[in-house]
Amino acid sequence: MKFSATDWSFLKKSGLEPQEYYEKLKKAGFDAVEMTEPALRETARKAGLEVLNISCPGMEKGLNRKENHADLLPKIKDCIYEAADNKVKYVIVFSGARAGQDDSEGLKNCRTAVETLIPDAEKTGVEIHFEGFNTYDHPDYQGSSSRYMFSLVKAVNSPYFKALFDIYHMEMAGEYTASIIRDNLDLIGHLHVAGAGKRLAPKMDGLIKYPEIVKQATSASYSRYWGLEFFPSDDVLGDFVRVKNEMLKASKVY
């Protein structure tokens with residue numbers, strides 16, 4: 001199993017200077033960081049960490065509405081070329097708010113937008129990841145189910161476009177993610193990990209059944225990163241080590 005950690009939720013909370021934080025993260029057994037500020041990418045790499053992804057604009061005004069495309073698509077293309085120039089593998093894109101729009105219309109507009117971006121992804125080798133959110137944390141977000149994400153990935157049908165499957169978001173949306181992940185691994189580019197309720201550090205005996213999720217994903221040969229993305233306790237690195245070790249143990253039990 002490979003583990004990454006999102007800078008937005010951990011770096012500042014750690015209370016450490018970036019260089020020390022990244023070095024300790026590497027020693028804790030992590031191999032990548034996510035959504036790292038441009039000025040800190042080289043610092044992370046010097047500590048031996050891969051910089052995994054860049055989050056593009058469009059969380060609220062996203063790809064699901066045609067009227068957003070003229071402004072948004074050039075910005076996402078810039079993200080793709082920024083990623084390529086900085087040896088970052090993935091960029092993250094979003095559906096945006098529903099605002100009364102039908103899923104079928106939203107999917108059609110997302111497909112049109114993504115297909116416009118695919119030539120740039122192919123040219124640069126950068127993979128585009130579409131992230132789904134639950135509507136508890138992101139009210140009115142349209143891409144709020146695995147069905148929506150996977151329908152879009154299948155429709156685009158490109159190796160350069162996959163789902164960023166956030167286990168917390170999909171569980172909070174009422175989905176049983178263990179079997180969903182197992183059955184759709186070819187559509188998933190990355191997994192995010194957090195505990196239920198308030199997006200805290202996950203527990204293996206918590207509401208989200210991570211031992212079963214780990215079992216199903218690893219038995220189906222998931223080999224990409226498990227990205228930790230939660231609100232940690234004051235002991236950020238301690239949370240990292242506990243979650244990583246418990247997930248590794250779960251993978252070996254089965």
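Only one residue in SER233, SER251 is more than 16 Å from LYS26 (Cα to Cα), assigned to a loop (DSSP other than H, G, I, E, B) and of a type in the set (Ser, Thr, Tyr), so which one is that?
Just one listed residue meets the conditions, SER233.
Any idea which of (1) among the acidic types (Asp, Glu); (2) in a helix (DSSP H, G or I); (3) within 29 Å of LYS244 (Cβ to Cβ); (4) touching a residue at least 40 places away in the same chain (Cβ under 8 Å) is the one GLU115 doesn't satisfy?
Status for GLU115: all satisfied but (3).
Checking the conditions here, which among ALA32, ALA47, ALA5 is more than 13 Å from the chain's Cα centre (by Cα) and not charged (D, E, K, R)?
When all the criteria are applied, what remains is ALA47.
Can you tell me which residues in segment 130-141 are of a type outside the set (A, V, I, L, M, F, W, C) and either part of a loop (DSSP other than H, G, I, E, B) or touching a His at 6+ places or on another chain (Cβ under 6 Å) (or both)? Full working, then the answer.
First, pick out the residues of segment 130-141 that are of a type outside the set (A, V, I, L, M, F, W, C): 131-132, 134-141.
If the condition is that a residue be of a type outside the set (A, V, I, L, M, F, W, C) and either part of a loop (DSSP other than H, G, I, E, B) or touching a His at 6+ places or on another chain (Cβ under 6 Å) (or both), then GLY132, ASN134, THR135, TYR136, ASP137, HIS138, PRO139, ASP140 are the ones that fit.
Only one residue in LEU25, LEU16, LEU40, LEU11 is modelled with pLDDT of 95 or more, out of contact with any Leu (no Cβ under 7 Å at 6 or more places or on another chain) and closer than 30 Å to LYS252 by Cα. Which one? Talk me through it step by step, then tell me what you get.
Values: LEU25 fails: out of contact with any Leu (no Cβ under 7 Å at 6 or more places or on another chain); LEU16 fails: closer than 30 Å to LYS252 by Cα; LEU40 fails: closer than 30 Å to LYS252 by Cα.
Being modelled with pLDDT of 95 or more, out of contact with any Leu (no Cβ under 7 Å at 6 or more places or on another chain) and closer than 30 Å to LYS252 by Cα holds for just one of LEU25, LEU16, LEU40, LEU11, which is LEU11.
Please enumerate the residues belonging to segment 181-197 that are closer than 18 Å to LYS154 by Cβ, out of contact with any Lys or Arg (no Cβ under 8 Å at 6 or more places or on another chain) and either crowded, with 21+ Cβ neighbours inside 10 Å or hydroxyl-bearing (Ser, Thr, Tyr) (or both). Quick ask: steps written out before the conclusion?
Here is the first cut: in segment 181-197, the residues closer than 18 Å to LYS154 by Cβ are 181-190.
Now restrict to residues that are out of contact with any Lys or Arg (no Cβ under 8 Å at 6 or more places or on another chain): 181-186.
Within segment 181-197, just ILE181 meets the criteria.
With the requirement that a residue be in contact with a strand residue (DSSP E or B) (Cβ under 7 Å, 6 or more places away or on another chain) and either surrounded by fewer than 20 Cβ atoms within 10 Å (Cβ to Cβ) or under 10 Å from VAL156 (Cα atoms) (or both), what does segment 107-124 give you?
VAL114, ILE118
Taking the condition modelled with pLDDT of 95 or more, over 14 Å from ILE54 (Cβ atoms) and β-branched (Val, Ile, Thr), does THR116 pass?
Numbers: modelled with pLDDT of 95 or more: yes; over 14 Å from ILE54 (Cβ atoms): yes; β-branched (Val, Ile, Thr): yes.
Judged against the criteria, THR116 is a match.
Just one of LYS249, LYS215 is out of contact with any Asp or Glu (no Cβ under 9 Å at 6 or more places or on another chain) and more than 29 Å from PRO159 (Cβ to Cβ); which is it?
Just a single option satisfies the conditions, and that option is LYS249.
Looking at PHE231 and the list (1) modelled with pLDDT of 95 or more; (2) more than 23 Å from VAL93 (Cα to Cα); (3) surrounded by fewer than 16 Cβ atoms within 10 Å (Cβ to Cβ), which single condition is not satisfied?
Only one criterion is unmet by PHE231, namely (2).
So which of SER179, SER144 ends up being at pLDDT 95 or above, assigned to a helix (DSSP H, G or I) and out of contact with any strand residue (DSSP E or B) (no Cβ under 7 Å at 6 or more places or on another chain)?
Only one candidate qualifies: SER179.
Can you name the residue in segment 131-159 that is over 13 Å from ALA97 (Cα atoms), in contact with a Lys or Arg (Cβ under 8 Å, 6 or more places away or on another chain) and not β-branched (Val, Ile, Thr) and is also surrounded by the fewest Cβ atoms within 10 Å (Cβ to Cβ) among such residues?
ALA155
One line per residue, one yes/no per condition, for (1) part of a strand (DSSP E or B); (2) of a type in the set (Asp, Glu); (3) under 30 Å from LYS123 (Cβ atoms); (4) at pLDDT 95 or above:
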| residue | (1), (2), (3), (4) |
| --- | --- |
| MET149 | no, no, yes, yes |
| LEU152 | no, no, yes, yes |
| PHE165 | yes, no, yes, yes |
| ASP186 | no, yes, yes, yes |
| GLY197 | no, no, no, no |
| ALA217 | no, no, no, yes |
| SER223 | no, no, yes, yes |
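Table: residues versus (1) over 20 Å from ASP7 (Cβ atoms); (2) touching a residue at least 40 places away in the same chain (Cβ under 8 Å).
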residue	(1), (2)
ALA163	yes, no
GLU171	yes, no
THR177	yes, no
LEU200	no, no
MET204	yes, yes
LYS209	yes, no
VAL214	yes, yes
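The values are calculated or read from the model by the stated rules, or taken from the named source; none is laboratory data. Computed from a predicted structure; not experimentally measured. Counting neighbours? That spans all protein chains shown, and the Cβs are built from the backbone with ideal geometry, glycine included.
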